[in-house]
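**Q** Just dropping this structure here.
The values are calculated or read from the model by the stated rules, or taken from the named source; none is laboratory data. Remember, it's a predicted structure, so these values are computed and weren't measured experimentally. All Cβ positions, even for glycine, are placed from backbone atoms using ideal geometry, and neighbour counts span all protein chains on display. The accessibility values were calculated without ligands, DNA or RNA, using every heavy atom of the protein model including side chains. Shrake-Rupley method; radii C 1.70, N 1.55, O 1.52, S 1.80 Å.
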Amino acid sequence: MQRIVLVTGASRGIGAETARVLGARGDHVVVNYREKRKRAEVIVADIAAAGGSASVAGADITDPDSARALIESTAGEFGRLDVLVLNASGGLERDAAPEYAMRLNRDAQTRLARLALEHLPAGGRIVFVTSHQAHFSATRPVPNRYEPIAASKRAGEDALREMIPEFDSRGIGFTVVSGDMIDGTIIVRLLERRDPDAVTARREHGSLPTVEEFATAVADATTAATAPGHTVYVGGRDFALPAAENGW
Ligand SMILES: NC(=O)c1ccc[n+]([C@@H]2O[C@H](COP(=O)([O-])OP(=O)(O)OC[C@H]3O[C@@H](n4cnc5c(N)ncnc54)[C@H](OP(=O)(O)O)[C@@H]3O)[C@@H](O)[C@H]2O)c1
């Protein structure tokens, strides 16, 4: 049976590429966007042109009513929801309020996971997308002005990990995919302006992963047989040294 996969923040960047990869693999992909509907429609058209199926679903996931409507309309329209990819993230926006990062990167993530639990079948999967700068923020330096994002994304990861017993009891898998700075993304271009040394320092450890590499790892995490709460790392092997986690 064709899986119904919801990818949050799939109108651009890593979410958009993850949607393309999953669409090419035969899933029906629900491409969530906040405000860039036209961009989301282009992703859906790309997936359809490649022989796949996808649809758009606008929702600001920090808004509780919109988040509920997103999950309910997906499950209602397709009769099921098999995979939730928690990719949407933010907080570096120029007009963002100080508490916005926590609302988006922690509260909205756990809310969506809770809402999805009402529909995900046993064998379903939740994947949380994060950055090494956030995942390792307790032990590694964080680029200037990325601190609130790193703290909120790590808080989101921790809050989701606290839900693992419930995921487990329902037979739902939970995987975290953490990436180094990803080449060519808007976030890295922003960081390059705000803290060029931090980006240069990452490049000194080797080339940064591409959007395609990271998106493929996220797509793979929706099917791989892994232990609950397993973390997949993409690039930046030096981040985990000397205390490598999960045999990385
Ligand atoms: N870029 C990197 O170097 C890097 C490295 C490691 C991990 N990651 C992780 O990968 C994920 C994607 O990063 P990215 O660089 O591709 O991000 P991005 O280019 O900034 O795209 C963010 C996406 O999230 C959506 N979005 C933002 N706020 C939203 C909200 N309140 N509700 C719903 N959707 C919202 C945006 O939609 P609209 O455009 O419609 O507003 C957009 O589609 C994030 O979790 C990030 O932490 C990124």
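**Q** Just to be sure before I move on: is G76 more than 10 Å from the ligand (Cβ to nearest atom), closer than 24 Å to A122 by Cα and open to solvent by 50 Å² or more (accessible area, probe 1.4 Å) in the structure I sent?
**A** Yes: the conditions hold for G76.
**Q** Does D168 satisfy being in contact with a Leu (Cβ under 9 Å, 6 or more places away or on another chain) and either of a type in the set (D, E, K, R) or open to solvent by 20 Å² or more (accessible area, probe 1.4 Å) (or both)? Steps first, please.
**A** Working: in contact with a Leu (Cβ under 9 Å, 6 or more places away or on another chain): no; either of a type in the set (D, E, K, R) or open to solvent by 20 Å² or more (accessible area, probe 1.4 Å) (or both): yes.
Criteria not met by D168.
**Q** For a quick check of your reading of the model, give me the residue pairs whose first member lies in region 188-216 and is at negative phi, whose second is away from the ligand (no atom under 11 Å from the Cβ) and of a type outside the set (F, W, Y), with beta-carbon atoms closer than 6 Å and at least 6 apart or on different chains.
**A** As it stands, the answer is R194/N144; R194/R145; D195/N144; H205/D238; A215/V21; T216/V21, since those pairs meet every condition given.
**Q** For A159, all conditions in the list (1) closer than 22 Å to T18 by Cα; (2) in contact with a Ser or Thr (Cβ under 7 Å, 6 or more places away or on another chain) hold save one; what is the number of the exception?
**A** (1)
**Q** Another question about this same structure. Condition test on T62, is it modelled with pLDDT of 95 or more, of a type in the set (S, T, N, Q), touching a helix residue (DSSP H, G or I) at 6+ places or on another chain (Cβ under 6 Å) and under 20 Å from Y100 (Cα atoms)?
**A** yes
**Q** Related question: Please verify whether F239 is within 14 Å of the ligand (Cβ to nearest atom), among the aromatic types (F, W, Y) and modelled with pLDDT under 90, treating the condition exactly as stated.
**A** Spelling it out, F239 is indeed within 14 Å of the ligand (Cβ to nearest atom), among the aromatic types (F, W, Y) and modelled with pLDDT under 90.
**Q** Confirm whether R125 is at pLDDT 95 or above, open to solvent by 10 Å² or more (accessible area, probe 1.4 Å) and more than 10 Å from the ligand (Cβ to nearest atom).
**A** Answer is yes for this residue.
**Q** Looking at region 188-220 only, could you name the residues that are over 14 Å from G235 (Cβ atoms) and open to solvent by 40 Å² or more (accessible area, probe 1.4 Å)? Even if it seems obvious, please write down each step before you answer.
**A** So the first thing to find is which residues in region 188-220 are over 14 Å from G235 (Cβ atoms), and the list is 189-198, 200, 219-220.
If the condition is that a residue be over 14 Å from G235 (Cβ atoms) and open to solvent by 40 Å² or more (accessible area, probe 1.4 Å), then R189, L190, E192, R193, R194, P196, D197, T200, D220 are the ones that fit.
**Q** May I pose another question? So which of L86, L6, L70, L22 is touching a Phe, Trp or Tyr at 6+ places or on another chain (Cβ under 8 Å) and within 21 Å of F128 (Cα to Cα)? Please lay out each step first, then the result.
**A** Numbers: L6 fails: touching a Phe, Trp or Tyr at 6+ places or on another chain (Cβ under 8 Å); L70 fails: touching a Phe, Trp or Tyr at 6+ places or on another chain (Cβ under 8 Å); L22 fails: touching a Phe, Trp or Tyr at 6+ places or on another chain (Cβ under 8 Å).
Checking each option against the conditions leaves just L86.
**Q** Return the total of residues in region 20-38 being near the ligand (Cβ under 10 Å from one of its atoms) and either open to solvent by less than 40 Å² (accessible area, probe 1.4 Å) or in contact with a helix residue (DSSP H, G or I) (Cβ under 6 Å, 6 or more places away or on another chain) (or both).
**A** The total comes to 3.
**Q** Determine if region 39-58 includes at least one residue that is within 26 Å of L117 (Cα to Cα), buried (at least 21 other Cβ atoms within 10 Å of the Cβ), in contact (Cβ under 8 Å) with a residue 60 or more places away in the chain and in contact with a helix residue (DSSP H, G or I) (Cβ under 8 Å, 6 or more places away or on another chain).
**A** Taking every residue of region 39-58 in turn, none turns out to be within 26 Å of L117 (Cα to Cα), buried (at least 21 other Cβ atoms within 10 Å of the Cβ), in contact (Cβ under 8 Å) with a residue 60 or more places away in the chain and in contact with a helix residue (DSSP H, G or I) (Cβ under 8 Å, 6 or more places away or on another chain).
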